[in-house]
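The structure under discussion appears below in the form of structure tokens.
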Amino acid sequence: MDLPHTLPDEAALDELMTRPRAALVAFVQTLHSPLVILGAGGKMGPTLAVLARRAADAAGRALDVIAVSRFSDAGARAWLEAQGVRTLSCDLMDRDAVARLPDAQNVIYLVGMKFGTTDNPALTWAINTLAPAHTAQRYAQARIVALSTGNVYPLAPVEGGGSREGNPLTPLGEYANSAVARERIFEHFSRRQGTPVALMRLSYAVDLRYGVLVDIALKVYRGEPVDVTTGYMPYIWQGDANEMIIRSLALAASPPAAFNLTGPAPLSTREVALRLGDLMGRPVTLVGKEADTAFLSNTARLQAQLGAPPTPLEPILRWTAAWIASGGRLLDKPTHFEVRDGAY
Ligand SMILES: NC(=O)c1ccc[n+]([C@@H]2O[C@H](COP(=O)([O-])OP(=O)(O)OC[C@H]3O[C@@H](n4cnc5c(N)ncnc54)[C@H](OP(=O)(O)O)[C@@H]3O)[C@@H](O)[C@H]2O)c1
């Protein structure tokens, strides 16, 4: 891959993250317009939508990319529009509003609620079940790629090769169980209506504005201790995750197909903290001891379909270290990767 040595600003970061590879350009040639992206105003949606836009442009395909969200972040909406993505404001909890969304044969579903679950578990359950039901009924005839999370599995033994898609979905905590419910609602409608669905169990997309690497880098930069009890974490460059999410439209099936979406090998919290310390010229304080379980996913099934995500760890670490050291913009959305009891 032709990766830049530095990513000096958000324009450079977004350009890299939304640069389509040949496999995606070829894939979008198969898509009928429009491509509807639901929950597009969050951390992943904007770059995902613009990646699809740029891939369609590169393919010479007249594909309308429609980003749907409540757009509580007006900046995300303005940026999407400036990049040629149409935006529609819609609260997916409002069934009548969902009924008015444009027809589409291809839908990507990014809506979810995680943080704040401990304070308001009922809202988490409502968002993670009602919005999927409204979506699945509105888009009964479409292919749907629905985001899920690696948190649907319980902690797995570090030496065990990671949770596989057929494992029991018996996680701890209300957020993770509501994420199982999100999958089950899509599955229910898929079975009842024949709607093709792909459930993508994503683990830790990394961007320079948020993510597990940013969380570790901030601790190192500020001289705070890094707890290595969560000793290993799956991660994937967000640009790679976005590309695989779009291409997963081809994997949608009824009953749904589930895929673990992450990098081929987890990162070591200890090794990453030490490397980031090197890169930022900061001493590193490690506390705790690696537990023998972690949230780990086996990615063999998805890799067999789409190949491995191409962006290696070392440049991401280099970009992250420089971003944090230079005060690059952050979303201030910590991952809470240290949480092991499911309470978010
Ligand atoms: N990022 C990761 O590392 C990661 C890891 C594992 C799983 N995932 C899964 O991947 C999905 C996308 O990730 P993300 O990081 O982009 O999530 P995110 O930042 O939470 O974005 C989802 C967006 O959905 C929108 N939304 C929420 N409720 C809505 C409603 N009622 N109607 C319309 N839009 C609504 C929100 O934007 P508005 O305020 O604009 O409505 C929210 O920002 C999530 O659902 C999550 O489960 C992500």
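The values are calculated or read from the model by the stated rules, or taken from the named source; none is laboratory data. Computed from a predicted structure; not experimentally measured. Cβ atoms come from the backbone with ideal geometry, glycine included; neighbour counts cover every protein chain shown. Side chains are part of the model used for accessible areas, which takes the heavy atoms of the whole protein and leaves out ligands, DNA and RNA. Shrake-Rupley method; radii C 1.70, N 1.55, O 1.52, S 1.80 Å.
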Q | Where N is the number of residues in segment 59-110, Cα Rg divided by 2.2 N^0.38 Å | A | 1.21
Q. For segment 85-99 and segment 277-344, what is the separation of their Cα centres, given in Å?
A. 33 Å
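Please give the net charge around Asp240, taking every other residue with its beta carbon less than 14 angstrom from that of Asp240, where Lys and Arg add +1 and Asp and Glu add -1. Walk me through the intermediate numbers first.
Details: positive: Arg19, Arg21, Arg247; negative: Asp207, Glu243.
Computed value for this residue: +1.
How much of the accessible area of the chain, in percent, comes from carbon and sulfur atoms when a 1.4 Å probe is used? Before the final figure, lay out each step's value.
On the way: 7030 of 13820 Å².
Percent of accessible area from carbon and sulfur atoms in the chain: 51.
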**Q.** segment 220-295: Cα Rg divided by the 2.2 N^0.38 Å rule of thumb
**A.** 1.48
Q.
Can you tell me what share of the DSSP beta bridges in segment 2-153 is antiparallel? A percent to the nearest 5 is fine.
A. 0 percent
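With the other protein chains left in place, how much accessible area per residue, in square angstrom, belongs to segment 235-340 at a 1.4 angstrom probe?
Numbers: 4270 Å² over 106 residues.
Computed with neighbouring chains in place, this is 40 Å² per residue.
Taking a ≥ b ≥ c as the square roots of the eigenvalues of the Cα gyration tensor of segment 41-172, is the shape rounded (a/c under 1.5), prolate (a/b larger than b/c) or oblate? Please list the in-between numbers first.
Numbers: a/c = 1.81, a/b = 1.46, b/c = 1.24.
It is prolate, given that a/c is not under 1.5 and a/b is the larger ratio.
For the chain, what is the percent of antiparallel DSSP beta bridges, rounded to the nearest 5?
Details: 5 of 37 bridges.
Given both bridge residues lie in the chain, the antiparallel proportion sits at roughly 15 percent.
Seen from all sides and averaged, what is the projected area of the convex hull of the Cα atoms in segment 189-344, in nm²?
Values: hull surface 40.4 nm².
Mean projected area for segment 189-344: 10.1 nm², to one decimal.
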(Q) At q = 0.07, 0.08, 0.12 Å⁻¹, what log₁₀ I(q)/I(0) does the chain have when each alpha carbon counts as one equal point scatterer in the Debye sum? (A) -0.27, -0.35, -0.84
Q. Peptides 280-292, 219-231: what's the order by average Cβ count within 10 Å, highest mean first?
A. 219-231, 280-292
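Grab the DSSP H runs of the chain that are 4 residues or longer, score each as -39,500 (n - 2.57), total them, divide by all residues and round the 222 nm result to the nearest 500 deg cm²/dmol. Spell out each step's value before the answer.
Details: 12 runs with 135 residues, N = 344.
Counting only the DSSP helices, I get -12000 deg cm²/dmol.
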Q | Extreme residue, positive dipole direction of segment 187-315, given options Pro256, Gln193, Ala294 (C-beta unit charges) | A | Gln193
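Mind jotting down a quarter of the surface of the convex hull over the alpha carbons of segment 276-344, in square nanometres, one decimal? Don't skip to the answer; put the middle values down first.
On the way: hull surface 29.1 nm².
So the Cα hull casts an average projection of 7.3 nm².
Hey, what D do you get for segment 12-103 in µm²/s if you plug the Kirkwood alpha-carbon radius into Stokes-Einstein at 10 °C and 1.306 mPa s? Before the final figure, lay out the partial values.
Values: Rh = 13.4 Å.
For these conditions, the coefficient is 119 µm²/s.
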Q: Please list, or write none, the lysines whose alpha carbon is within less than 26 Å of the alpha carbon of Lys114, excluding same-chain residues fewer than 8 places away.
A: Lys43, Lys219, Lys333
Q. Alpha carbon centre of segment 142-179 versus segment 199-266: separation in Å?
A. 13 Å
(Q) Solvent-accessible area of His336, probe 1.4 Å, all protein chains present, reported in Å² to the nearest ten, please. (A) 80 Å²
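Suppose every Lys and Arg Cβ carries +1 and every Asp and Glu Cβ carries -1, with no other charges. What dipole size does the chain come out with about its Cα centre, to the nearest 20 debye?
Details: 33 positive and 33 negative charges, 135 e Å.
Dipole of the chain, to the nearest 20 debye: 640 debye.
In segment 10-104, which trypsin sites (Lys or Arg not before Pro) fall in coil by DSSP and have 12 or fewer other Cβ atoms within 10 Å? Could you put the intermediate results ahead of the total?
Values: sites: Arg21, Lys43, Arg53, Arg54, Arg61, Arg70, Arg77, Arg86, Arg95, Arg100; in loops: Arg21, Lys43, Arg61, Arg70, Arg100.
Passing sites in segment 10-104 are Arg100.
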Q) When N counts the residues of segment 103-242, how does its alpha-carbon radius of gyration compare numerically with 2.2 N^0.38 Å, as a ratio? A) 1.16
